[in-house]
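Report on the following structure.
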Amino acid sequence: MKKLNFIFITLLFVAFSASSQSRKKADKDTEEWRYELEVVQQGHEGSYLVKVWSYSKKANVAIEQAKKNAIHGIIFRGVSASGRVPGQPALTNNPNLEMEKQEFFDDFFADGGKYMKFVQVSGDGSVAAEDRLKVGKEYKIGVVLSINVEGLRNDLQATGMIKSLSSGF
Amino acid sequence: MKHSSKQINKIIFTSLVIINLFYSVTFAQVQTKFFRPSITTTFIKPASNEIAKVYEGFATLPMEGRFDNRSVNSNMLNITIPPRPEMPKMENPLGAKRAIEDYKRSLKDWDNAVSKSISGSISPIGKEVFGNMFSRTSDGNMSWDKLMEAANYSATDNQALSAKESKNSANEMEAIANELVKRSYYVVYNIKSIKTYEQVYNDIDASLKALSIKTKKPFKPTPRTQEGWQIDFNYFIYKLVWDDATVNDFGDKAWLDASTTDPAERAKKITAFENYEFKFELALSGGSTANASQSNNPEVYKNAKFFKIVRKSMDQLLAELPSSMQDVMVFKGGREIEDFKMRAPIFQEKPITVKLGTKEGLYYDERFFVYEMEQDKEGKTVKKRRGVLRTSNIADNSMIATGTSPASKFRQQGGKKLYQGTLVELYEDYGYGFSIGYGLLDNFIGGATVSAEVRIPRLFKGSGKINKYLRGLYLNVNASYNPLMMGKKIFDDKVFIEAGVEQDKYDFQCISYGGSLSRETYFTRKGNLYLMPEIGGGLFTASTEDYNDPTDGEDKKEKLTAEGIYVNGSLGLGYHFTPMISFFVKGGFCMKLAPSWDADIDTKNYSKDFKTIEGISIPVFAGLRFRF
């Protein structure tokens with residue numbers, strides 16, 4: 001019985017450490033904010049459909065991190081126009097905001113953090129075949145996401161992270 | 001702001017050009033999406049009543065699920081096709097290379113000549129199809145409505161949801177509709193010859209007769225066991241040219257809708273449409289034979305009532321030919337034409353599901369390759385094969401996609417680990433294969449073995465419940481040859497000693513032939529390994545030409561043969577090297593029954609020999625399996 005317990009605990013430990021390794025990898029990739037953002041379409045009522053290309057050695061990790069990357073892009077980088085679809089400037093024009101409010105954004109982008117409120121996977125959740133690309137030894141995965149830009153803007157204004165349009169510049 | 005009709009047309013067709021450009025940039029390198037192609041079936045004017053009857057059969061023949069069938073009234077092309085060049089006979093091997101080059105050149109010339117001839121006469125048919133596609137009314141007005149319906153039906157869940165979430169959902173569907181127009185295919189069949197089986201047998205006999213004269217061997221006529229028809233036919237698959245230049249040209253000159261009210265302008269456009277020269281490009285051409293036959297022995301039908309086998313009339317057999325012709329065209333087209341290959345990404349990994357189903361005409365055990373998109377050093381996207389899948393559970397998705405369409409389940413049968421988003425693409429197999437190997441521990445069915453196999457679900461191509469249970473089932477024809485020099489271990493040593501002969505004086509050879517049913521079963525995630533239980537039976541013979549009968553007292557060599565039936569069962573384990581080649585080992589039992597000596601041996605003295613043949617052995621086999 002003791003032997004069985006030992007095996008069970010060892011297996012649990014191995015599974016846990018493997019999952020935390022994968023999580024660490026994902027976080028490391030996210031910390032580097034390696035992604036590309038492109039606009040797909042203008043959605044309804046202040047939403048935007050964007051495709052975020054994330055990089056990772058593991059395809060599943062890249063998919064997981066796509067949502068964080070997309071919100072990060074909308075806040076700090078903006079999206080350029082594509083064809084007849086207009087672009088979306090960054091919600092902040094302060095290039096140092098992320099550093100200045102590091103504590104806030106660490107919480108905001110934590111796993112299951114507030115960022116989740118403003119993003120959802122577009123379509124049926126599947127990745128299109130042309131959006132799953134192996135480049136060298138890593139994967140470049142494109143996920144189409146619907147971003148509630150208006151909601152995100154209002155929330156960041158309410159918490160004082162960005163100025164409201166009515167407050168003047 | 002009110003737009004004039006000319007401006008509206010300009011807007012529609014300019015947007016189509018932009019959509020065209022977008023899609024050609026996105027999908028220029030590797031096609032990753034499937035849009036339902038449409039097929040219009042046409043024929044070269046028949047040369048005989050029988051051929052005309054075969055063509056008539058196409059009218060009621062359903063098209064495979066992944067295609068839209070666009071039928072037309074004027075489906076006969078009044079042209080004459082010159083005979084297709086035949087491969088020259090290679091009498092002088094030194095001149096073979098040149099002969100092949102000449103053949104290829106003449107084939108290309110023939111292709112060009114036929115293509116030119118058909119393209120010229122297919123244009124009116126294109127006009128009729130185009131008119132149907134754009135719901136052209138008697139007053140010349142056209143609309144996208146019908147095509148948009150087809151686009152809605154063709155749209156995947158992702159496309160439907162994307163359109164729903166988009167501010168300009170109409171653009172999404174227009175893009176799909178435009179892709180459907182671009183995938184308008186026209187098939188032209190030409191039956192070169194039609195023969196009854198009697199004529200077929202006559203031709204074979206004539207060839208055999210000529211051969212027998214050449215080889216100075218006696219002529220043996222072919223047994224005439226079948227009745228029915230055999231045809232030799234060509235097919236030509238054309239694709240409508242619908243590029244930016246054509247879209248612009250057609251939009252400017254021939255597109256007409258209710259927004260154009262000026263009678264002079266309308267008349268001009270109607271005339272332009274009537275005279276419009278639709279362009280086509282040859283996508284594929286080929287030739288094949290098709291047969292519809294049955295046994296001509298009335299006895300077969302007397303005892304076959306239980307299985308509902310009825311003797312068909314010659315006309316009924318004739319009616320079976322269109323289906324065979326279409327199968328050939330769809331299969332070959334599916335291998336060569338990118339638009340014919342249904343494809344979708346993996347939706348879920350465990351179990352593997354893909355959003356394809358009855359709408360696309362999936363059948364159980366249909367083979368798909370899985371590809372990963374890879375960016376090469378030059379930045380080009382290429383697809384690399386990662387695995388093989390076969391359909392294991394078919395979802396009914398024959399509805400307009402809303403975002404919640406069910407997905408079909410697939411079973412991986414070899415390759416690497418597959419992830420969500422990897423491309424699943426149809427690569428149908430012939431369903432045939434063979435294996436070569438060696439068997440030990442039973443000399444009667446062992447030695448060098450060869451088997452031919454046919455995958456049963458491939459014959460029926462069914463999506464019904466019964467077909468689900470036929471998955472992975474094979475019908476095999478097996479044969480073995482075991483030349484046992486010095487007669488070792490044919491019979492038990494004891495028997496030979498009792499019979500008073502020295503075993504090592506005889507060269508026996510064992511031959512067996514039989515049939516079996518086997519089933520591939522997969523038990524690992526990647527499916528590189530598979531189990532294959534098999535059950536079967538057949539006949540075996542063991543014979544020697546130089547048997548010295550110890551009982552007759554003469555030193556005279558005679559022929560000795562033992563014959564019998566066997567029943568065997570085995571369990572095999574296979575490993576896929578590639579989708580085509582696998583290695584297998586199998587072991588099981590073989591029960592030999594009712595062996596008998598040939599008549600010229602006094603069996604009474606050798607009754608003990610049979611005991612050594614009868615009974616159960618435990619043979620093992622190993623070999624390579626090839627599937628196509």
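Tabulated results
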{"read-out": "Radius, Kirkwood style, for segment B:288-424 when every pair of distinct Cα atoms is counted (Å)", "value": "18.3 Å"}
{"read-out": "Cα centroid separation, segment B:242-263 to segment B:282-300 (Å)", "value": "45 Å"}
{"read-out": "Cα gyration tensor category, rounded, prolate or oblate, for segment A:26-162 with a/c compared to 1.5", "value": "oblate"}
{"read-out": "Share of alpha-carbon pairs per 5 Å distance bin for segment B:48-161, given as whole %", "value": "2, 8, 11, 12, 14, 13, 11, 9, 8, 5, 3, 2, 1, 0"}
{"read-out": "Peptide-level mean, for A:131-138, of C-beta atoms on other protein chains within 10 Å", "value": "5"}
{"read-out": "Alpha-carbon centroids, segment A:92-169 and segment B:123-187: separation in whole Å", "value": "36 Å"}
{"read-out": "Segment B:347-450: Cα Rg divided by the 2.2 N^0.38 Å rule of thumb", "value": "1.46"}
{"read-out": "Cα gyration tensor category, rounded, prolate or oblate, for segment B:182-331 with a/c compared to 1.5", "value": "prolate"}
{"read-out": "Cα-projected label distance for B:ASN303 with B:THR137, points at 7 Å along beta-carbon direction, nm", "value": "6.7 nm"}
{"read-out": "Segment B:93-249: mean projected area of Cα convex hull, nm²", "value": "17.8 nm²"}
{"read-out": "Estimated vicinal HN-Hα couplings, Hz - segment B:37-50 in sequence order (Karplus 6.51, -1.76, 1.60; Gly, Pro = x)", "value": "x, 10, 10, 10, 9, 10, 9, 7, 3, x, 9, 8, 5, 4"}
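Values in this text are rule-based calculations from the coordinates and carry no lab data. Being a predicted model, the structure only gives us computed values, none of them experimental. Virtual Cβ from ideal backbone geometry, glycine too; neighbours counted across all protein chains shown.
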